[in-house]
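Read the structure below first, then the notes.
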Amino acid sequence: MGSGWRNQFTAYLYILPLLVVFAVFIVYSLFFLVKTSFINGDISFLHSTYVGFDNYRLVLTDVKFFKSILNNIVFSAATILISMTLGFIISVFLSQKFKGSKIIHALFFIPTIMPMALIATVFSGMLEYRFGALNQFLNAIGLGFLAQQWLGDPNWAYISVMAVGIFLIGIPMMYYSADITTINPSVLEAAVLDGAGMSRMLWNIVFPLLKNAHITIIISTLLQSFREFERIYLMTGGGPGNSTQISSVYMYNFIHSAGSNIGFVSAGSVVLLLVALVISFFQLRLYVPSKSKRGK
């Protein structure tokens, strides 16, 4: 018992620096966020007044706030759809280990390690109406009638922002590539002997066996959507007409508007945090059965 306590004490000493950092930067930040959600004042926090739950009432009755969360979910759904179709198919294709497959895999992975601000800025310039590369190219090949206000029209701006997700499938491909290596080859050999074609093997055997990768991609993409900012802000600024505004951009635009209330932003952030916690809870619930099955 005494030896066990000493071992635990030693273990806690090792993680003490990390616990201190966690307490300073995470716990205090959460405390500060919740505390400021009950005040009415500007970002200087001078002359702020206690308003109770008024900020939460304003947040929960704000249509624009819920529209921004809906955009979070829609953009996440588009990214998930692209990852689970295009990313899955490319990962299976590259798992054949043909000559040059590693180079192709690296080309898909490179955009995921580039700063999102850089990617968003490049696409913002390419999709510009008058001098953008896309419209210039369409005009050059005689398809100028297809040129659009890619970021100026609400519908096209929505589609353009989602389409950029194609360049971010490197991480989902990494999850799929790692899980594909765990598939027992005898399962695929038995399917071949039973006369299963390529498409049937792909969607009826390989796709279900990658369940854990699917769950990881879905949950991580949803959670990532609440931290996303650069792609939307640098491409559209949340416009036109707030059509592409997500929660982080909404908060940023609100705090920089005239007469802004920092308490409202804090209350909105607390609500978003609770939504993210609910998603994390379901993530843990989805993982538990998978682990128990592995133990059998």
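The values are calculated or read from the model by the stated rules, or taken from the named source; none is laboratory data. In this text, all values refer to a predicted model and were calculated from it rather than measured experimentally. Here the Cβ is made from the backbone with ideal geometry for all residues, glycine too, and neighbour counts use every protein chain on show. Areas reflect the complete protein model, heavy atoms only, side chains present, ligands, DNA and RNA absent. Shrake-Rupley method; radii C 1.70, N 1.55, O 1.52, S 1.80 Å.
Between amide H atoms placed 1.01 Å from N, distances below 5 Å from ILE39 occur with VAL51, all of them 5 or more places distant or on a separate chain. Considering only SER91, SER260, SER37, the Gaussian network model of the chain with Cα springs below 10 Å gives its largest mean-square fluctuation to SER260. On a per residue basis, the range 1-130 carries 69 Å² of accessible surface, using protein heavy atoms and a 1.4 Å probe. Note: relative contact order over the range 143-270, using C-alpha pairs below 8 Å and six or more positions apart, is 28 percent.
Looking at the range 1-57, the pairs of alpha carbons with a distance over 14 Å make up 69% of the total. Averaging the sequence gap over all C-alpha pairs within less than 8 Å and six or more residues apart, then dividing by the number of residues, gives the range 92-157 a relative contact order of 18 percent.
For the range 177-296, the share of accessible area belonging to carbon and sulfur comes to 64 percent (1.4 Å probe, ligands and nucleic acids excluded). For the set ARG130, ARG200, solvent exposure ranked by accessible area (probe 1.4 Å, protein chains only) runs largest to smallest as ARG130, ARG200. The 1.4 Å probe gives accessible areas that order VAL122, VAL74, largest first, as VAL122, VAL74. Altogether, the Stokes-Einstein calculation at 25 °C and 0.890 mPa s, with the Kirkwood radius of the range 100-196 over Cα pairs as Rh, returns a diffusion coefficient of 148 µm²/s.
Applying both filters, DSSP loop and at most 12 other Cβ atoms within 10 Å, to the chymotrypsin sites (Phe, Trp or Tyr not before Pro) of the range 68-166 gives PHE98, PHE131.
Summed over the residues of the range 194-296 and divided among them, the accessible surface reaches 52 Å² per residue at a probe radius of 1.4 Å.
Only lysine pairs 8 or more places apart or on separate chains count here, and in the chain those with Cα atoms under 27 Å apart total 7. Estimated from helical segments only, the mean residue ellipticity of the chain at 222 nm is -20000 deg cm²/dmol, where each DSSP H run of four or more residues counts as -39500 (n - 2.57). Membrane-span-like helices in the chain, defined purely by DSSP H runs whose alpha carbon atoms cover 18 Å or more axially and whose average Kyte-Doolittle hydropathy reaches -0.5, are 2-22, 63-82, 101-113, 211-225, 262-295. Only protein atoms count toward the accessible area here, which uses a 1.4 Å probe; on the range 117-162, the carbon and sulfur part of that area reaches 67 percent. The GNM of the chain, with springs linking C-alpha atoms under 10 angstrom apart, assigns the highest mean-square fluctuation among ILE69, ILE232, ILE26 to ILE26. Three principal axis extents of the range 1-158 based on alpha-carbon atoms, in descending order, are 77, 53, 25 Å. In this label model, SER186 and LEU138 are separated by 5.6 nm, measuring between points 7 Å along each Cα→Cβ vector. Largest accessible area first, the listed residues VAL249, VAL187, VAL192 line up as VAL192, VAL187, VAL249 when surface is computed with a 1.4 Å probe on the assembled protein chains. Based on Cα contacts under 8 Å between residues 6+ apart, the chain shows a relative contact order of 29 percent.
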